[in-house]
Amino acid sequence: MDTTKLSEQFQQKIDEDIKIEPQDWMPDEYRKTLIRQISQHAHSEVVGMLPEGNWITRAPSLRRKAILLAKVQDEAGHGLYLYAAGETLGITRDEMYQQLHSGKAKYSSIFNYPTLTWADMGAIGWLVDGAAIMNQVPLSRCSYGPYARAMVRVCKEESFHQRQGFEILLTLSKGNAAQRKMCQDAINRWWWPSLMMFGPSDNNSPHTAQSMQWKIKRFTNDELRQKFVDVCAEQVKFLGMTLPDKDLKWNEAKQHYDFGAINWDEFWNVVKGNGPCNKERLATRVQAWENGAWVREAALAYEDKKAARQYRYNTTQAESKMPAG
Amino acid sequence: MESDTIVMNETAITDALIDCTLQLADDSLIMGHRCSEWCGHGPVLEQDIALTNIALDYVGQSRNLYQYAALLLEQLPKEKALSLVDFDIIPEHITEDSLAYLRDVGAFKNHLLFEQPNGDWAQTILKIFFFSVYRFYLFQQLQNNADERLAAIAEKSVKEVTYHLKWSSEWVIRLGDGTDESKFRMLQAIDALWPFVGELFEPAGYETLCYYSDMLTFERLRSDWLNKINQIFETATLPPQSIGRWHQTGGKNGYHSEHLGYILAEMQFLQRTFPNAIW
Amino acid sequence: MLQLIKKYYYGDYGEIEGGAAPAPGSNSREWPLWEVFIRSKQGLDHKHVGSLHAADAAMAIENARDVYTRRMEGVSIWVVESKYIHASNPDESDALYDPANDKIYRHPTFYQLPDELKYM
């Protein structure tokens, strides 16, 4: 069958909402796009463990410590689901790691910002995980089966993350003056980077059309961003705090909140590696990987020895059963 | 006259029970703290998750134990309770958190072994292995303790510990019988940690009192522990060990290595910066 | 600036231009990939839930427990090294599955029986 025909059949499946599975024919671009997106998503989960992991040993109560540990562990699990989904497309996890470690592959820029106070654990849960959920829920209906299934799992687990974050902020907002200040400060620092998580605005996104057609993506960046702003502008009232945007205002005609201009210069600089923590995040990942090399080798070496012993044992058994003479 | 003696003994046993519970809680918390330092830095994603799971179990155990200690303390007149626990910020109420966050180094009763730095993966694995074997036999005996709640906590924890024991034994074997490098690192880990194992089997006064009723003997604990260690070491092609008479000691009675101060400085700073705040 | 604007999905910021050279090809083998099947409760089939990497079967089962049953999702775990899974070829799916389309007699509702007949 020629490629044109296959492409048509492929698009027809997509249009009929039939999932694409690993062994099905798919256009090279579709595969490449998915590998890039899934691996970057996986990297984001794994690098995302670091800013929060930073506070596990300093969590202010045993309950918070246990919750934070469980949450960061979930992120490792999400990374694992996503790497596994990526592997169905014909790339190994080691190859994906190599791309991350060499700086070729990217991860969500939000994790290049520092976590400075305990309130940041709250702000990350509420805003960063909130933005992630807004993005991920539509992804759980994406056209590629393994990715969609991984996202279903992720979304199911993610809702506890956002709730625990909001609870941290809510507790701080009812606390002493220092705690309330900490709370507002964290919101101030995380608000704009969270809005940037949705990516560049639609009129700068010529490729959105293609991934919408492939149903990898189901809403545009700006649509999701607007939804997020609308939700947060209401939620922040429960905290008695404010979002750091003087232009934020309800627009009766549009039935949406208007909000101020995003600093895209900052966004692209952080993407390019000039954010506050890009270098240390990557260095930490590389170091963990390199320090683990001997461990990974040892486990394989042991497995090889065990297999060889088993083989020798089987051979001797077989020989001893052979009729004599 | 005779009944007075009995009352005194019961008080002494309650005091010992509180100390014992705190001792167990401190071991769990400090192990949980050390293991949680690995979160995000493991040698492979799956093992990162596994180790974090274990850290979570330890933190969970410490919470159960601190909650029980807090309950016992809250039942006492406040003055009496405060005389038993050396808080350096006096809490409004004694809770799991005030016990974990408002005591300083001298009040912590964990073994020296568990506050030692993580080192590499070999040293961390070995420490978890030592701890798991110790806890496995200790909790098996503790399940019969006269104190029902302590026995119940032991019973719940023994399931988790059984898994930690399996997981860490397998890793000891893999590393011992893996590559030349992994074996070398295991031998180094044994060298680093062995001076601290003797303390596990040297009962503090409160342990002798508290464990007296269930005939828990530290000699038996020690021989069970050592047999298991050497059995796994043999499979792992690591040299057999024995417990000599000289070892580092003091943690159980509040005399620690320099490492614990750093752990607590990190762990407790928020609670100490904002005393009595709610988090 | 504009060259950078290439790709716009969540978590996707394009590949960085002029990033560091590719990592030196590592010769080390990767831990094998395993497929995980979980029985969520007694009486149900084991269902494929995902994959993971492990050096051996014991490790794979332990990891599966940690990764896929963190929220009490299972009572039994199977793992099998992915390389041992043989799959049907999707290009042959017409030959494999279409013939079943007209064999509706395999389905119990094909048979019209009196309503009074019970327990069948």
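The values are calculated or read from the model by the stated rules, or taken from the named source; none is laboratory data. Quick caveat, the model's predicted, so the values are computed rather than measured. Because the Cβ atoms are built from the backbone with ideal geometry, glycine has one as well, and the counts that use them run over all protein chains shown. Areas reflect the complete protein model, heavy atoms only, side chains present, ligands, DNA and RNA absent. Shrake-Rupley method; radii C 1.70, N 1.55, O 1.52, S 1.80 Å.
Over the protein assembly as shown, with the other protein chains present, what is the accessible area per residue in square angstrom, probe 1.4 angstrom? Kindly include the intermediate steps, with their values, before the conclusion.
Working: 32950 Å² over 724 residues.
Each residue of the protein assembly as shown exposes 46 Å² on average to a 1.4 Å probe.
By how many degrees, 0 to 90 and rounded to 10, does the Cα axis of helix A:145-173 deviate from the longest principal axis of chain A?
On a 0 to 90 degree scale, this one is about 40.
Give me the percent relative contact order of chain B, please, defined on Cα pairs under 8 angstrom at least 6 residues apart. Don't jump to the answer; show the numbers that get you there.
Working: 348 pairs, mean separation 65.9, N = 279.
Here the relative contact order equals 24 percent.
Would you list which lysines come within 21 Å of C:Lys47, measuring only between C-alpha atoms, while excluding same-chain residues fewer than 8 positions from it?
Cross-link targets: A:Lys19, A:Lys156, C:Lys83.
Where in the stretch A:78-116 does the label zone of A:Glu280 land, with the point 7 angstrom along Cα→C-beta and an amide N cut-off under 19 Å?
A:107-116, by backbone N distance to the label point.
For the stretch B:151-279, just the Cα atoms, rotate onto the principal axes and tell me the three extents in Å, largest first.
If we take the Cα atoms of the stretch B:151-279, the spans are 52, 40, 33 Å.
Between A:Ser320 and B:Gln231, what's the calculated FRET efficiency when r is the beta-carbon distance and R0 is 30 Å? Round to 0.05.
On the way: r = 29 Å, r/R0 = 0.95.
Once rounded, the FRET efficiency stands at 0.55.
Under DSSP H, which helices of chain B have Cα atoms covering 24 Å or more of the helix axis and a Kyte-Doolittle average no less than -0.5? Could you put the intermediate results ahead of the total?
On the way: long enough: B:2-36 (51 Å, 0.19); B:45-74 (43 Å, 0.17); B:121-142 (30 Å, 0.75); B:148-176 (40 Å, -0.21); B:218-235 (26 Å, -0.78).
Qualifying helices, which must be both long enough and hydrophobic enough, are B:2-36, B:45-74, B:121-142, B:148-176.
Return a whole-number percent for the relative contact order of the stretch A:13-128, with Cα pairs under 8 Å and 6 or more residues apart as the contact set.
Values: 90 pairs, mean separation 39.1, N = 116.
With pairs under 8 Å counted, the relative contact order is 34 percent.
For chain A, take the longest principal axis of its alpha carbons; what is the angle in degrees between that and the long axis of helix A:278-291, to the nearest 10 within 0 to 90?
The helix A:278-291 is inclined about 20 degrees to chain A.
Counting pairs of alpha carbon atoms under 8 Å apart in space and at least six apart in sequence, what relative contact order in percent does chain A give?
17 percent
Before we go on, tell me the buried accessible area for the A/C pair, both chains summed, 1.4 Å probe, in Å² to the nearest 100.
Values: alone 17560 and 10980 Å², together 24090 Å².
The buried area between A and C, both sides summed, comes to about 4400 Å².
Starting from the 7 Å offset along Cα-to-Cβ, what nm value, one decimal, do you get for the label separation of C:Lys41 and B:Trp246?
With each label point 7 Å from Cα toward Cβ, the separation is 6.2 nm.
5 Å is the cut-off here: which amide hydrogens, built 1.01 Å from N in the peptide plane, fall below it relative to C:Gly50, excluding neighbours closer than 5 in sequence?
C:Val36
Report, as an integer, the average count of C-beta atoms from other chains found within 10 Å of each Cβ along B:113-122.
Across B:113-122, the average partner-chain Cβ count within 10 Å equals 1.
Which Cys residues of chain B have no other Cys beta carbon under 4.7 Å away?
B:Cys35, B:Cys39
Could you identify which residue out of B:Asp191, B:Asp177, B:Asp57 has the top mean-square fluctuation in a GNM of chain B using Cα springs shorter than 10 Å?
Greatest mean-square fluctuation among the candidates belongs to B:Asp191.
Under a plain spin-label model, where a point goes 7 Å from the Cα along Cα-to-Cβ, how far apart in nm are C:Met72 and B:Glu79?
The modelled label-to-label distance comes out at 4.6 nm.
Report the per residue volume, in Å³, of the convex hull enclosing the C-alpha atoms of chain A. Numbers along the way, then the final one.
Numbers: hull volume 64.1 nm³, N = 325.
Taking only Cα atoms, chain A has a hull volume of 197 Å³ per residue.
Rounded to the nearest angstrom and ordered from largest down, what semi-axes does the equivalent ellipsoid of chain B get from its C-alpha gyration tensor (root of 5λ)? Show your work: numbers first, answer last.
Numbers: eigenvalues 206, 104, 50 Å².
Computed over chain B, the values are 32, 23, 16 Å.
Go ahead and estimate [θ] at 222 nm for the protein assembly as shown from helices alone: -39,500 (n - 2.57) per DSSP H run with n ≥ 4, summed, over the residue count, rounded to 500. Could you put the intermediate results ahead of the total?
Details: 27 runs with 419 residues, N = 724.
That calculation yields -19000 deg cm²/dmol at 222 nm.
On C-alpha positions alone, give me the angle between the axis of helix A:221-239 and the longest principal axis of chain A, in degrees, nearest 10.
60 degrees
Nearest 100 Å² is fine: how much accessible area is buried between B and A, summed over both sides, with a 1.4 Å probe?
On the way: alone 13640 and 17560 Å², together 27240 Å².
About 4000 Å² of accessible surface is lost on pairing.
Any idea how far apart A:Asp202 and A:Asp28 come out in nm if each label point goes 7 Å out from Cα toward Cβ?
Going from the A:Asp202 label point to the A:Asp28 one covers 3.2 nm.
Using the charge dipole of chain A (Lys, Arg: +1 at Cβ; Asp, Glu: -1 at Cβ; taken about the Cα centre), state which of A:Ile38, A:Tyr144, A:Met49 has its Cα farthest towards the positive end.
Result: A:Met49.
Using 0.36 nm times the number of residues separating A:Gln287 and A:Gln12, minus their current alpha carbon distance, what extension gain do you get? Intermediate values should be presented prior to the final figure.
Details: separation 275, 0.36 × 275 = 99.00 nm, distance 4.59 nm.
Length difference between fully extended and current span is 94.4 nm.
Direction-averaged shadow area of the convex hull around the Cα atoms of the stretch B:61-203, nm²? Before the final figure, lay out each step's value.
Numbers: hull surface 38.3 nm².
So the mean shadow area of the Cα hull is 9.6 nm².
Please work out the Cα center distance from the stretch A:1-57 to the stretch B:1-80, rounded to the nearest Å.
With the stretch A:1-57 and the stretch B:1-80 each reduced to a Cα centre, they are spaced 46 Å.
Just report the Cα centroid separation between the stretch B:257-272 and the stretch B:141-160, whole Å.
29 Å
How big is the equivalent ellipsoid of the protein assembly as shown along its three axes, where each semi-axis is √(5λ) from the Cα gyration tensor, reported in whole Å from largest to smallest?
The three semi-axes for the protein assembly as shown are 47, 36, 26 Å.
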